[in-house]
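Student: Handing you this structure, nothing more for now.
None of the figures in this text is laboratory data; all of them are computed from the coordinates on show. As the structure is a prediction and not an experimental result, all values here were calculated from the model. Neighbour counts are summed over all protein chains in view; Cβ atoms, including those assigned to glycine, are modelled from backbone coordinates with ideal geometry.
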Amino acid sequence: RSSNFVCAEVFNDHLILHLKLEPKIFPFEKGFSRDVSKIGHYGTGNVQLRLQSAADFEKTKAFLRQAYEEN
């Protein structure tokens, strides 16, 4: 790919991903995802995901594939 579709921020206890997805049609889940299109943030994309467990990573896989395929 020649364009970014995800950016990552690594912390001690969690991982933040910014995905290049359309926030208007994204199924947000409190504590896991949020719309960052109207706030300042580092990274590519308008959808932020907060991963704190292996279960969160499993939920993220489909969104990563979608961002990859759309960009």
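Student: Residue check, Ser3 against (1) over 10 Å from the mean Cα position of the chain (by Cα); (2) surrounded by 12 or more Cβ atoms within 10 Å (Cβ to Cβ); (3) of a type in the set (Ser, Thr, Tyr), all met but one. Which one?
Tutor: Result: Ser3 fails condition (2) only.
Student: Among the residues of the stretch 2-59, write down those that are in contact with a helix residue (DSSP H, G or I) (Cβ under 9 Å, 6 or more places away or on another chain) and on the phi > 0 side of the Ramachandran plot.
Tutor: Gly45
Student: Starting from the stretch 13-34, keep only residues that are touching a residue at least 40 places away in the same chain (Cβ under 8 Å), then list their pairs with residues that are of a type in the set (Ser, Thr, Tyr) whose Cβ atoms are within a distance under 6 Å, requiring at least 6 positions of separation or different chains.
Tutor: Note: pairs meeting the criteria are Lys20/Thr44.
Student: Condition first: touching a strand residue (DSSP E or B) at 6+ places or on another chain (Cβ under 7 Å), of a type outside the set (A, V, I, L, M, F, W, C) and closer than 16 Å to Leu64 by Cβ. Now tell me which residues in the stretch 24-49 satisfy that.
Tutor: Result: Ser33, Gly43, Thr44, Gly45, Asn46, Gln48.
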